[in-house]
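Comments concern the structure below.
The values are calculated or read from the model by the stated rules, or taken from the named source; none is laboratory data. As the structure is a prediction and not an experimental result, all values here were calculated from the model. With ideal geometry, Cβ positions are generated from the backbone for all residues, glycine too; neighbour counts draw on all protein chains shown.
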Amino acid sequence: MRGKATLLAGLVVAAVAIPSTAAMAIDDVNTRKLERAVTVNGILQHERVFQRIANNNGGTRASGTPGYDASAAYVQQKLTQAGYTVTTQEFEFPFFEEVGPSSLAQVSPVAASIESATFEYSGSGDVTGEVVAATNIVIPATPEPSSAAGCAPEDFVPASATDPQVALIQRGTCDFAVKVANAVAAGYDAVIVFNEGNPGRTDLLTGVTLGDPATVPVVGISYADGVTLYDAAAAGPVTVAVSTDTLSETRTTFNVLADTPRGDPNKVVVVGAHLDSVLDGPGINDNGSGSATILETAIQFAKEGKKPHQQLRFAFWGAEENNLLGSTAYVDSLSDEQLATIYANLNFDMLGSTNYVRFVYDGDGSDDPNGLAGPPGSAQIEQLFTDYFAGKNLATAPTAFDGRSDYGPFIEAGIPAGGLFSGAEGIKTEEEAAIFGGTAGEPYDPCYHLACDTITNLSTAALNELGDAVAHSVDTLARTKTGFFEDGSRMALPPQLTGADLDYRGSQLVR
């Protein structure tokens, strides 16, 4: 998964909340029949199967494992039985597993252990060598200029050709992958990256991806430990021992795509949810909840005999937890002509968090600190959700398009996008608890990316409320006769957000 909440100032806090000022060109479609048909019981029937699949396959449904393949086979079977045209899209991806935890210790001049975390796609190995700091490290940290340490090749003194050396880099400015690649090119045998030190960037540096496999061990540490190590290295030679135990190899996985037999194939609504879990757990909320909900919506839509004006394409993405690779492979595979046929993307990732908030993706950018909006049409999708919930006397809150879920490749391609999210590892605030209930100071989902993300880690209330909204949005966008824009048209314009604006690629930080 999946997205982080933006400022709470954008909360729709009242039952009679004022709708967004975004121009609504889409029709007001009566979706109550489909909402009644998509039930919590129906969603949970699929979730039970996902749980059993995980139980029978080492506790995981991660892409590249038998648990994912079995989950996809189940989804294909149910969609085929419902009358959809079902296809799969295979792609290769860099499979990564942390086999054992990292370790980092200062060996000399004073022995000390340092808490560390392995970067995704770190190389595997044991290195003992002298610490060499990159240039452009900023201590004390300042917001401007942010540290650019390691962003340029010349930030590194060429490493010794005979003795192992470990590069020390500060987070900031450019992607972690760039910093590590420059250190490796300069000949370093391992890399330590410490957090930047600005507010929100001081703790142990975890949840980081390099995007592609590195050849050397790469670990993250906290800002405080980084400063201590940097100061010690400035005073004289410091030797550290770095160890990582990882597996990186190329594996094959696939997306499952199901098209309605009716609807204009030149105006396609892609309704997506990622089907894979992380290796550490069965992923029944992340994202069995989104997958089960759109699967049940697809089944009930077919049973109702709906006649969509737009063709629906239900998409179950693989390798989302490996940096949105399934949705990226899909969007990248589209020709220019095929890309022009995509009307909109609806994304549903984590709909059953136990300490939930009704988060709606911030399509108009009104609650983004930088004012960044999704592609034109995204504001109208946001309003579709907020108006729906307001009509049910249910509050909502905006959540940023920050690249943490499968809408990312779509918005980069200029496709209108939106969707729902009930919260991940973020902490519920006092204000949120007062509005939405639940417990302040606790995560929205205490089992996010953990083995406890099981069938018992779900809120049926969240599945009920958000499941109905899924049905409403799918039915509305399938059957509206007019589009998002002032003249009723449906095609998108160039995007306002780009990949360079996103700090995440899936659940992992990239910079």
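Things worth noting here:
- Residues that are surrounded by 15 or more Cβ atoms within 10 Å (Cβ to Cβ) and of a type in the set (A, V, I, L, M) within segment 76-106 comprise Leu79, Ala82, Val86, Leu104, Ala105, listed in sequence order.
- For segment 219-236, residues that are closer than 13 Å to Ile192 by Cα, out of contact with any Asp or Glu (no Cβ under 9 Å at 6 or more places or on another chain) and outside any helix (DSSP H, G or I) total 2.
- Count of segment 18-65 residues which are at pLDDT 95 or above, small (Gly, Ala, Ser) and more than 20 Å from Gly326 (Cβ to Cβ): 4
- Matching residues, segment 355-375, being surrounded by 24 or more Cβ atoms within 10 Å (Cβ to Cβ) and aliphatic (A, V, I, L, M): Val357, Val360
- Candidate set from segment 450-467 (those that are in contact with a helix residue (DSSP H, G or I) (Cβ under 6 Å, 6 or more places away or on another chain) and buried (at least 24 other Cβ atoms within 10 Å of the Cβ)); member that is nearest to Ala344 (Cα to Cα): Gly467
- Members of segment 159-190 found to be touching a residue at least 24 places away in the same chain (Cβ under 8 Å), farther than 17 Å from Ala233 by Cβ, part of a loop (DSSP other than H, G, I, E, B) and not acidic (Asp, Glu), listed by number: Ala161, Arg171, Gly172, Thr173, Cys174, Gly187
- Criterion applied to Gly365, Gly403, Gly371 was being within 18 Å of the chain's Cα centre (by Cα), of a type in the set (Gly, Ala, Ser) and assigned to a loop (DSSP other than H, G, I, E, B), and the one residue passing it is Gly403.
- Selected residue (only one of Val138, Val166 is touching a Phe, Trp or Tyr at 6+ places or on another chain (Cβ under 9 Å), surrounded by 13 or more Cβ atoms within 10 Å (Cβ to Cβ) and modelled with pLDDT of 95 or more): Val166
- Hey, Gly418 in the same structural domain as Asn55 (by TED's automatic domain parsing), over 23 Å from Gly281 (Cα atoms), buried (at least 24 other Cβ atoms within 10 Å of the Cβ) and within 16 Å of the chain's Cα centre (by Cα) or not: yes
- For segment 123-139, the set of residues classified as more than 23 Å from Thr173 (Cβ to Cβ) and assigned to a strand (DSSP E or B) consists of Gly125, Asp126, Val127, Thr128, Gly129, Glu130, listed by residue number.
- The conditions of being touching a residue at least 60 places away in the same chain (Cβ under 8 Å) and surrounded by 22 or more Cβ atoms within 10 Å (Cβ to Cβ) are met by Ala471.
- Near pairs, Cβ below 9 angstrom, 6+ apart or cross-chain, from segment 429-445 (over 20 Å from Asn285 (Cβ atoms) and of a type in the set (D, E, K, R)) to any residue that is at pLDDT below 95 and part of a helix (DSSP H, G or I): Glu431/Leu8
- Count of residues meeting criterion [over 20 Å from Pro94 (Cβ atoms), buried (at least 22 other Cβ atoms within 10 Å of the Cβ) and touching a residue at least 60 places away in the same chain (Cβ under 8 Å)] in segment 191-218: 2
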